[in-house]
1. Per residue of region 103-110, in order, report the coupling 6.51 cos²θ - 1.76 cosθ + 1.60 (Karplus, θ = phi - 60°) as ³J(HN,Hα) in whole Hz, putting x for Gly and Pro.
2. Compare the peptides 63-70, 99-106, 52-59, 128-135 by average per-residue count of other Cβ atoms within 10 angstrom and give them in order, highest first.
3. Taking 8 Å as the Cα distance limit and 6 or more residues as the minimum spacing, I'd like the relative contact order of region 46-152 as a percentage.
4. What nm value, rounded to one decimal, do you get for the distance between VAL38 and PHE129 when each label is placed 7 Å out toward the C-beta?
5. Can you figure out the FRET efficiency of LEU48 with ARG145, using R₀ = 30 Å and their beta-carbon distance, to the nearest 0.05?
6. By how many nm would the segment from PHE110 to TRP64 lengthen if fully extended, with 0.36 nm per residue of separation less the alpha-carbon distance?
Amino acid sequence: MSMLMIRQEQVARQEQRATPRAAVSRLRRRCRTEHVLVGCGLALLPWLVVLAKGLPGTAVAAHWNTAWVGLDTLEALGLIATGLLAARGHHLHALTASATATLLVVDAWFDTVTAAPGGDQLSALAMAFGAELPLATVCAVLAVRGLARRAA
């Protein structure tokens, strides 16, 4: 995050010194990137309908265990990195906290929607509401506070 903020400050200083034409060129380039991102997001909306209507109700995955172990490994690394960075007062903890919160919410979502009815479903809900979502909330709060301090 700091490199991004430093780069933004450098670009702002350059724009102040640059000719109006160069500043307009930089603004257009940035807007084009932003427009591409919005366009891609909008293009995904019809794709959601295709997926909702076309995906089968069940599927067999060859590397199911690897997928879940990989996700939980990323969560563990994210929690460790966020904790260590926050303890040191490092500004990058906001980024790791944001990424980790996202991973935890995704894990809670997929655990609950892929669990078999009955005991597995109850176990997934207990993990979601007892661990994953509370940890995601803590990480989200850390991220927002870290970004707010950085902006101040």
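1. So the J values, rounded to whole Hz, are 4, 5, 5, 4, 4, 4, 4, 5.
2. 99-106, 128-135, 63-70, 52-59
3. Values: 79 pairs, mean separation 28.7, N = 107.
Once normalised by length, the contact order is 27 percent.
4. Once both label points are built, they end up 3.9 nm from each other.
5. Computed FRET efficiency for LEU48 and ARG145: 0.35.
6. Working: separation 46, 0.36 × 46 = 16.56 nm, distance 1.22 nm.
Here the segment from PHE110 to TRP64 would lengthen by 15.3 nm.
Rule-based calculations on the coordinates, nothing more; no lab input. Since we're looking at a predicted model, the values are computed, not measured. So basically every Cβ, Gly included, is an ideal-geometry build from the backbone, and we count neighbours across all protein chains shown.
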